[in-house]
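One structure is given below, encoded as structure tokens.
Each reported figure results from applying straightforward, stated rules to the coordinates on display, with no laboratory input. None of these values were measured; they are calculated from a predicted model. Neighbour counts run over all protein chains shown; Cβ positions are idealised from the backbone, glycine included.
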Amino acid sequence: MKKNVKVAIFLLIVVLIAFFYLLYGYYSEKEKVDTRTPQQKIDDWVKAGGRVTDGVYDLEIGNFVINDDGKTVILYDKDGNPIFFTPIDDLVEAIEIGKLTLMVEGSLQVPDTSAPPPAPAPVPVPIPVPIPPVTEDNETNVTVPSPTPVPTPPNATPSPGPYLPACSNGQWDGDESDLDCGGSCAPCLSSGLFTACWENSDCATGNCGGIMPLPIDYKGTTYSDYSLIRILAGDTGIIQFQGRCQ
């Protein structure tokens with residue numbers, strides 16, 4: 001009888017120890033604080049296969065950039081194309097509640113992948129062939145004047161002109177479409193660092209391609225003023241809503 005009582009007490013002690021151990025583990029896990037920064041949370045979300053959808057397009061995120069103001073983030077697809085920007089607090093809140101796919105208001109900025117139309121073939125300039133004059137004895141004058149040479153087309157890149165001082169101050173300001181080029185400044189080139197444009201006249205080639213619609217924020221406001229767009233983009237020089245000189 002005494003042996004049975006001892007066994008029962010021992011088993012009760014084991015059960016109580018196990019109960020308190022499980023209870024401690026539960027509350028320790030519950031009180032664990034997420035110490036990751038917003039950037040680390042977004043990075044983990046992207047690595048886990050984070051996506052955005054507007055109800056029509058469903059795109060996987062390949063990368064992201066937090067703007068200089070630290071308040072907005074630009075999301076890029078797997079090909080490096082900017083597709084959406086959003087307040088960083090809204091994105092982090094969606095991530096914290098476990099949303100792997102972010103449903104956005106408005107339309108995603110999906111780049112146009114269609115091939116541009118071919119450039120028209122240059123029309124050859126006909127060179128008139130002079131008719132030699134006929135003399136009175138019906139003998140033709142064999143002296144034929146040299147043909148007029150075809151003029152050489154001008155260089156597509158205009159020579160530097162008397163541009164404003166702001167066109168060489170190393171800042172993206174005024175009506176420049178990119179850093180110190182476009183608008184009232186010298187046209188931007190088609191290769192290198194500074195190639196962004198709003199219209200054809202911003203480019204030395206006269207061809208601004210791939211212009212996307214002006215941005216609409218998550219409240220539905222359209223940013224039609226370039227100075228507001230620059231603020232929204234964090235003064236980074238080239239933003240996703242501009243074209244590129246072709």
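Rounded to the nearest 0.05, what FRET efficiency do L164 and Q40 have when you use their Cβ-Cβ distance and R0 = 51 Å?
0.70
As a footprinting exposure proxy, order R36, R244 by other Cβ within 10 Å, with the fewest listed first.
Least to most surrounded, the residues fall as R36, R244.
Looking at the range 1-94, which GluC sites (Glu not before Pro) are DSSP coil and have at most 14 other C-beta atoms within 10 Å of their C-beta?
Filter output for the range 1-94: E31.
What spacing in nm lies between the two simple spin-label points modelled at D69 and E199, each 7 Å away from Cα in the Cβ direction?
2.6
How much net charge surrounds V73 when only the other residues with a Cβ under 12 Å from the Cβ of V73 are counted, with Lys and Arg +1 and Asp and Glu -1?
-3
Taking the number of other C-beta atoms within 10 Å as the exposure measure, put T86, T53, T205, T35 in order starting with the fewest.
Going from least to most buried by this count: T35, T53, T205, T86.
Under the Karplus relation 6.51 cos²θ - 1.76 cosθ + 1.60, θ = phi - 60°, what is the ordered set of whole-Hz ³J(HN,Hα) values for the range 92-102, x standing for Gly and Pro?
So the Karplus estimates, Gly and Pro as x, are 5, 4, 5, 5, 5, 8, x, 7, 7, 10, 8 Hz.
Cut-off is 10 Å between beta-carbons; in what order do D34, D173 appear when sorted fewest neighbours first?
The order, fewest Cβ neighbours first, is D34, D173.
If each of D79 and K3 carries a label point 7 Å out from its Cα toward its Cβ, how far apart are those two points in nm?
The answer from the label model is 8.1 nm.
Set the Förster radius R0 to 51 Å, insert the Cβ-Cβ distance between A18 and S107 as r into 1/(1 + (r/R0)^6), and round the FRET efficiency to 0.05.
Efficiency at R0 = 51 Å is approximately 0.35.
Set the Förster distance to 22 Å, then compute FRET efficiency between D173 and I211 from the Cβ-Cβ distance, nearest 0.05.
0.60
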